[in-house]
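Have a look at the structure below before the remarks.
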Amino acid sequence: MPTLRQRLDTVFLGYFISHIPITIAVDVLPLLPTEIIPQPLLSLNRFLTTTIGDPFMVIDRTRTDLVWFRSLLTCELFVQLPFFFYAVWMLWTGSSRRHLWLLMYG
């Protein structure tokens, strides 16, 4: 029977694996020019911003480019996304340092 730590590692692994495509397909899109975003992702963005009502994530020609918000998205792209891959690797291989890194992330 798996220990509590092993079960928690499995939950964390699922969390980080699921956040990789979410970050790429949803969170980083406002950084890109509308012309290069595939139509299905634009449709997903419209659905999410309409459903949730998040004015910052709207991708259209009328959006305002808030520097502070774009800087947060840039950090997500260059800091958080690489960490997701690193966390998946640490959890998958059972690295002894994984809990320290997960603690720093959380």
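By the helix-only formula, in which each DSSP H run with n ≥ 4 contributes -39500 (n - 2.57) and the sum is divided by residues, the chain has a 222 nm mean residue ellipticity of -18500 deg cm²/dmol. Considering only trypsin sites (Lys or Arg not before Pro) in DSSP loops that have at most 11 other Cβ atoms within 10 Å, the longest stretch of the chain without any of them is 1-60. Pairs of Cα atoms nearer than 8 Å and 6+ residues apart set the relative contact order; for the chain it is 37 percent.
Atom-type composition of the exposed protein surface of the chain places 71 percent of the accessible area on carbon and sulfur (1.4 angstrom probe). Shown are TRP68, TRP101, whose ranking by accessible area with a 1.4 Å probe and every protein chain present, most to least, is TRP68, TRP101.
With +1 on each Lys and Arg Cβ and -1 on each Asp and Glu Cβ, and nothing else charged, work out how big the dipole of region 1-86 is about its Cα centre, in Debye to the nearest 20.
Dipole magnitude for region 1-86 comes out near 160 debye.
Ranking SER71, THR50, GLY106 by Cα position along the charge dipole of region 23-106, where only Lys, Arg, Asp and Glu carry charges on their C-beta atoms, puts GLY106 farthest toward the positive end.
Leaving out ligands and nucleic acids, and using a 1.4 Å probe, what accessible area per residue does the chain come to in Å²? Display every interim value, and only then the final one.
Details: 7300 Å² over 106 residues.
Solvent-accessible surface per residue comes out at 69 Å².
Between 0 and 90 degrees, the angle of helix 4-22 with respect to the longest Cα principal axis of the chain falls at about 20 degrees.
Among the listed values (1) 30, 18, 8; (2) 32, 15, 11; (3) 20, 19, 12, the one matching semi-axes √(5λ) of the Cα gyration tensor in Å as calculated from this structure is (2).
The values are calculated or read from the model by the stated rules, or taken from the named source; none is laboratory data. Quick caveat: nothing in here was measured; it's all calculated off a predicted structure. Here the Cβ is made from the backbone with ideal geometry for all residues, glycine too, and neighbour counts use every protein chain on show. Ligands, DNA and RNA are stripped out before the accessible areas are found, and what is left, the full protein with its side chains, is counted by its heavy atoms. Shrake-Rupley method; radii C 1.70, N 1.55, O 1.52, S 1.80 Å.
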